[in-house]
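Read the figures in this text as sums done on the coordinates, not as results from a lab. Remember, it's a predicted structure, so these values are computed and weren't measured experimentally. FYI the Cβ positions are ideal-geometry reconstructions off the backbone, even for glycines, and counts take in every protein chain you see.
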C-alpha cells in the first residue's frame with residue numbers, strides 16, 4: 001500500500017497515537033524521525049505529550065532515519081520491515097528503541 005509520508009506524519013500518526021493515549025504514554029520516548037527522498041521530511045514524536053510535529057528540535061531519545069520507499073514497507077508491516085530494514089542497513093537507529101517505534105506505528109494505524 002502506498003503511503004503519503006507527509007500526510008501520515010502531519011495528520012494521521014498523531015491522531016492514531018491519541019486514540020491509544022494510555023499505552024503510548026507508557027513508551028515515554030522522544031523520537032526524531034527523518035525520512036529522506038520523495039515526500040520525506042523530519043518529525044519529532046513525543047510519546048509522553050502525544051505530539052507529532054514537523055522539525056528537529058534536538059534532545060531525542062531515539063533517532064530513526066530511512067528513505068521514503070523503506071518507510072512505505074515499514075508502514076505496511078511495521079515489526080518485520082523495521083527489523084529487516086535495520087539489518088539490511090536501510091534503517092539507521094541511534095539510541096535504544098527495543099522495537100517500540102514499530103509498535104507505535106501499528107497502534108496508530110488501528
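Quick notes on this one:
- A simple spin-label model places the labels of residue 11 and residue 53 2.2 nm from each other, with each point 7 Å out along Cα-to-Cβ.
- Semi-axes of the equivalent ellipsoid for the chain, computed as √(5λ) from the eigenvalues of its C-alpha gyration tensor and ordered from largest down, come to 18, 15, 14 Å.
- Distance between the pseudo-spin-label points of residue 67 and residue 94 (7 Å out from Cα toward the beta carbon): 2.1 nm.
- A straight chain from residue 84 to residue 110 at 0.36 nm per residue would run longer than the Cα-Cα distance by 7.1 nm.
- DSSP-defined antiparallel bridges as percent of all bridges, the chain, nearest 5: 70
- Between residue 21 and residue 36, the modelled labels are 3.8 nm apart [label points 7 Å from Cα along Cα→Cβ].
- Within the range 1-64, percent of DSSP bridges classed antiparallel, to nearest 5: 75
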